[in-house]
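Step one of this worksheet: look at the structure below.
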Amino acid sequence: MKRTILILLSILPLFSFSEEDWMWWNIKHGWELGMPSWRTFIHITPGYLGPNALPVPEIKKGLVQPGTNLELGLDLHFKTGDPTQNLFARYYRSFANDKIAIELYGVLLEHYAMSDTIRDERVARDYDGKGIAIGDLYFSTQIQLVKGRRFPDTMLRMTGRTASGGHLDAARYSDSPGYFFDVSISRDYACKNEKTTFKPYASLGFYSWQTNDDMNLQNDALLYGAGAELKWSAWSLSNSLSGYVGYKHERDRPMVYTFDLNRRLKKNALRIQYLYGIHDWTYQTVKFSYIINLKK
């Protein structure tokens, strides 16, 4: 009998370890037995998650771009208490005489290192605040509605997001699906130098994602953006302002300024982007990417 008691006492810590492991989080955030799951404490909004969880979608410019390409990139996100780096990939292909295109993209691998302050603000359960995460997968269809007429070039984009991103416990990704759609328009204007063109563009749409709030299972947002592009020789440069407006008022109204410089090479292209978070999404990001043209 004594031997049985000793064995039970020796294996009891193995069953209690998990609870003890989260004791620091339970105490800090006042969680007790009988309360809702820790998942309900996480805010599924862009202001309380990592930079790649619910980013402002890139603005399109009213046109289905011709060709097939693969873009590979390195993103550096700067924020006090949450410096983040990630590898990014995008596959794009147009068909049906460039009237329709498909696009698949996402973060392949993300490295993060949160401070205790950011960790606790986000109610994350990652004690040291450091780790590696895999991002969500986005899949998009783009349809050319109007092109080359008096009315501005017009394109419809419909995009879905999977819940493949990991580390909800570290508040890196939402662990929930979402979707958005928008209509973008643009118009080309030739400058005095006929080899240089100026293109203003704008977009308007709708963004929705699932939350962990039993009373409001999804957050719906107005999606918007506007900018201008200048093209000359092998270069293109654009500046834009974009964002979306959620209705929960929980840091769900991100606004971002984007600078985008593209240099066309003999076959492929180089791209550099700078993003400055103006509201809610408060990162500064530098993106470097190489675009491989697979088919023209």
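Report the convex hull volume per residue for the stretch 66-206, counting only C-alpha atoms, in Å³. Let's see the in-between values first.
Working: hull volume 21.0 nm³, N = 141.
Here the figure is 149 Å³ per residue.
Test of understanding: ordering 253, 263 by Cβ neighbours within 10 Å, fewest first, what list do you get? Write out the running numbers ahead of the final one.
Numbers: 253 20, 263 15.
The order, fewest Cβ neighbours first, is 263, 253.
On a 0 to 90 degree scale, rounded to 10, what angle separates helix 2-21 from the longest Cα axis of the chain?
Around 30 degrees separate the two axes.
Considering only the other residues whose Cβ falls under 9 Å of the Cβ of residue 71, what net charge follows from Lys and Arg at +1 and Asp and Glu at -1? Spell out each step's value before the answer.
On the way: positive: 90, 271; negative: none.
Taking every Cβ under 9 Å from that of residue 71, the sum is +2.
Between the alpha-carbon centers of the stretch 109-186 and the stretch 45-79, tell me the distance in whole angstrom.
Here the two parts' Cα centres lie 8 Å apart.
Can you tell me the relative contact order of the chain? Whole percent, Cα pairs under 8 Å, sequence separation 6 or more. Spell out each step's value before the answer.
Details: 751 pairs, mean separation 50.7, N = 296.
Worked out over the chain, it gives 17 percent.
List the residues, sorted by chain then number, that are 5 or more residues from residue 281 or on another chain and whose placed amide H is less than 5 Å from its amide H.
Excluding prolines and chain starts, which carry no amide H, the hits are 255.
Calculate the all-directions average of the projected area of the chain's alpha-carbon convex hull, and give it in nm².
Values: hull surface 78.5 nm².
Mean projected area for the chain: 19.6 nm², to one decimal.
Loop only per DSSP, at most 10 neighbouring Cβ atoms within 10 Å: give me the trypsin sites (Lys or Arg not before Pro) in the stretch 170-254, ordered by residue number. Write out the running numbers ahead of the final one.
Values: sites: 172, 187, 192, 195, 231, 248, 251; in loops: 172, 187, 192, 195, 248, 251.
Hits after loop and neighbour filter: 192, 195.
Report the net charge of residues surrounding residue 100, where surrounding means a beta-carbon distance below 13 angstrom and charges are Lys +1, Arg +1, Asp -1, Glu -1. Provide the component values of the computation, followed by the final result.
On the way: positive: 93, 99, 147, 157; negative: 98, 103.
Residues close to residue 100 contribute a combined charge of +2.
Could you list the trypsin sites (Lys or Arg not before Pro) in the stretch 88-165 that lie in coil according to DSSP, counting only those with at most 10 other Cβ atoms within 10 Å of their Cβ?
On the way: sites: 90, 93, 99, 119, 122, 125, 130, 147, 149, 150, 157, 161; in loops: 99, 122, 125, 147, 149, 150.
Filter output for the stretch 88-165: 149, 150.
Could you work out the helix-only [θ] at 222 nm for the chain, with each DSSP H run of four or more residues adding -39,500 (n - 2.57) and the total divided by the number of residues, to the nearest 500 deg cm²/dmol?
Taking each H run of at least 4 residues, the total per residue is -3500 deg cm²/dmol.
May I ask you to evaluate 6.51 cos²θ - 1.76 cosθ + 1.60, the Karplus curve with θ = phi - 60°, for each residue of the stretch 102-118 and list the ³J(HN,Hα) values in order in whole Hz, giving x for glycine and proline?
3J(HN,Hα) across the stretch 102-118, in whole Hz: 10, 8, 10, 7, x, 8, 6, 7, 10, 10, 10, 8, 7, 7, 4, 5, 5.
Looking only at GluC sites (Glu not before Pro) in DSSP loops with at most 11 other Cβ atoms within 10 Å, what is the longest site-free stretch of the chain? Show your work: numbers first, answer last.
Working: sites that count: 32, 194.
Longest gap between qualifying sites, sites excluded: 33-193.
Can you pull the Rg over Rh of the stretch 161-219, Cα-only, Kirkwood? Please report the intermediate quantities before stating the final value.
Details: Rg = 19.4 Å, Rh = 14.9 Å.
With Rg and the Kirkwood Rh in hand, the quotient comes to 1.31.
Any read-out appearing in this document is the output of simple, stated calculations on the displayed coordinates, not a laboratory observation. Remember, predicted model here, so these are calculated numbers, not experimental data. Backbone-built Cβ (ideal geometry, glycine too); neighbour counts: all protein chains shown.
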